[in-house]
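Chemist: Shown below is the structure under consideration.
Bear in mind that the values in this text are calculations on the coordinates, not laboratory data. Not measured: the values here are computed from a predicted model. Counting neighbours? That spans all protein chains shown, and the Cβs are built from the backbone with ideal geometry, glycine included.
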């Protein structure tokens, strides 16, 4: 997602400085180049050696330290950056930036860069809620700085409240959005369904499928990166929700149907990536079903969400998914026509690296104009290609 991007990370003096180590590690796993600037007080919490080992680069701690090559450090870092991130950001650093103070390596780099700046505050609740801090955040937000708000949690000082550093995944999502040079979905709304649906048998048991939600979540994240407003209708998953998505949690196929028929009206693009159960038990037992040697369950059909959306879609772009184990192209073409979809994303669950629970997919994009079989690639890349097609159909 961030391959080849230059991220400058500023670490300031708070107990949450140790969490910046995890941020550097995960940015490197995304193939980003990370340069770390530490304030003097940050060095009291974490050794620069830790960040040097994680980033594979020298760590800058002073404006006046001898550079490895002849260059003015804060200028070279500012020019190199695709994004400048401060995590954790103390009330002090936020106040200094808001006041135009540039008296150390980090603040001078912030002053010199034209890259997008992302600030993730972390501090005591009272300090965060202090009117001065809030006014500084408001001022910087108006100037184009992006803030990733802190979480509510038990803090190091022993109090419970808002002030804990945002989750690493949320900070990375904001970096991902900031470095994007493709904003072709700005002003558009994308409705995405993801994950499995569940059908109750009794108060204890339910029937579901193996969907992890990774493909739908990748599509939602890519749409956000491209400037869209995203509504994510999702079944039960164990993965992080893309930062900024409006999440509508559902359980059953009927829940997902109701949500889609309510939310589609404001959407420009609808992408049905969820694995919806075709059937539901005819009867849901009110008491736990006792163990026996055998059990017979009668099923009824669930509503066909894609077909229902195809009837009412109007000028909206409608994309569905087709998971098959045989006759992939033939079955998917029939689905394209019968559901009145603009595209079907088809994949064969028997192919290596495709289907449920993995980070890659091998798909074929089927439209009325033809068939485009794609090689195995990351689900993030598949999401990008799907939205390229969707954006083209909007035009």
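Chemist: Compare 190, 312, 230 in a GNM of the chain, Cα atoms joined below 10 Å, and give the one with the largest fluctuation.
Modeler: 312
Chemist: Can I ask one more? For the chain, what are the per-bin percents of Cα-Cα distances with bins 10 Å wide, up to the bin holding the maximum?
Modeler: So the P(r) values, bin by bin, are 5, 20, 26, 20, 17, 9, 2, 0.
Chemist: Could you grab the relative contact order for the range 189-394? Cα pairs under 8 Å, six or more apart, rounded to a whole percent.
Modeler: On the way: 443 pairs, mean separation 42.0, N = 206.
Normalised by residue count, the contact order of the range 189-394 is 20 percent.
Chemist: Here is a follow-up. Could you order the peptides 76-86, 285-295, 300-310, 151-161 from most to least packed, using the average number of other C-beta atoms within 10 Å per residue? Please list the in-between numbers first.
Modeler: Numbers: 76-86: 21.6, 285-295: 8.3, 300-310: 17.5, 151-161: 13.0.
In descending order of packing, they fall as 76-86, 300-310, 151-161, 285-295.
Chemist: Could you check which residue among 355, 370, 195 shows the biggest mean-square fluctuation in a GNM of the chain with a 10 Å Cα cutoff?
Modeler: Maximum fluctuation in the GNM of the chain, among the listed residues, is at 370.
Chemist: Continuing with the same structure: How big is Rg to Rh over the range 6-178, alpha-carbon atoms, Rh as the Kirkwood inverse-mean-distance radius? Intermediate results must be reported in sequence, preceding the final value.
Modeler: Numbers: Rg = 14.9 Å, Rh = 15.9 Å.
With Rh from the inverse mean 1/r over Cα pairs, Rg/Rh is 0.94.
Chemist: So in the range 6-178, what percent of DSSP beta bridges are antiparallel if you round to the nearest 5?
Modeler: Beta bridges within the range 6-178, antiparallel portion: roughly 20 percent.
Chemist: A follow-up question, please. Under a crude label model (7 Å from the Cα following the beta-carbon direction), how far is residue 47 from residue 205 in nanometres?
Modeler: 5.6
Chemist: For the chain, what does the relative contact order come out to in percent, with C-alpha contacts under 8 Å and a separation of six or more? Spell out each step's value before the answer.
Modeler: Working: 844 pairs, mean separation 42.2, N = 395.
Taking the mean separation of contacting Cα pairs over the length of the chain, I get 11 percent.
Chemist: Relative to the longest principal Cα axis of the chain, at what angle does helix 19-29 sit, 0 to 90 degrees, rounded to 10?
Modeler: The helix 19-29 is inclined about 60 degrees to the chain.
Chemist: For the range 72-102 and the range 160-182, compute the distance between their C-alpha centroids and round to whole Å.
Modeler: Using only Cα atoms to place each centre, the spacing works out to 16 Å.
Chemist: Right, another one. In whole percent, what relative contact order does the range 6-178 give with Cα contacts below 8 Å and a gap of six or more residues?
Modeler: 22
Chemist: Once each part is reduced to its C-alpha centroid, what is the distance from the range 316-365 to the range 1-59 in angstrom?
Modeler: 40
Chemist: Taking 0.36 nm per intervening residue step and subtracting the Cα-Cα distance, what contour gain separates residue 373 from residue 359 on full extension?
Modeler: Values: separation 14, 0.36 × 14 = 5.04 nm, distance 1.83 nm.
Using 0.36 nm per residue and subtracting the Cα-Cα distance, I get 3.2 nm.
Chemist: Another question, if that's okay. For residue 169 and residue 278, what is the calculated FRET efficiency with R₀ set at 30 Å and r taken between the beta-carbons, to the nearest 0.05?
Modeler: Plugging the Cβ-Cβ distance into 1/(1 + (r/R0)^6) gives 0.40.
Chemist: Tell me, what is the FRET efficiency for residue 258 and residue 337 to the nearest 0.05, using R0 = 22 angstrom and their Cβ-Cβ distance as r?
Modeler: Approximately 0.25, to the nearest 0.05.
Chemist: Roughly how tilted is helix 214-225, in degrees to the nearest 10 and between 0 and 90, from the longest Cα axis of the chain?
Modeler: 50
Chemist: Can I ask one more? Report for the range 308-395 the percent antiparallel among DSSP-assigned beta bridges with both residues inside it, nearest 5.
Modeler: Just about 60 percent of them are antiparallel.
Chemist: Provide, for q = 0.09, 0.13, 0.17 Å⁻¹, the log10 of I(q)/I(0) from a solvent-free Debye sum over equal Cα point scatterers in the range 189-394.
Modeler: Ignoring solvent entirely, the Cα scatterers give -0.34, -0.69, -1.16.
Chemist: Using mean Cβ contacts within 10 Å as the protection proxy, how do 231-241, 6-16 order, highest first?
Modeler: Per-residue Cβ counts within 10 Å, averaged per peptide and sorted highest first, yield 6-16, 231-241.
Chemist: Still on this structure: Taking R0 as 41 Å, what FRET efficiency do you get between residue 57 and residue 350 from their Cβ-Cβ distance, rounded to the nearest 0.05?
Modeler: Efficiency at R0 = 41 Å is approximately 0.40.
Chemist: Of all beta bridges DSSP finds with both residues in the range 189-394, what is the antiparallel percent, to the nearest 5?
Modeler: The antiparallel proportion sits near 35 percent.
Chemist: Oh, and also: So what's the angle, to the nearest 10 degrees on a 0 to 90 scale, between helix 328-338 and the longest Cα principal axis of the chain?
Modeler: The helix 328-338 is inclined about 80 degrees to the chain.
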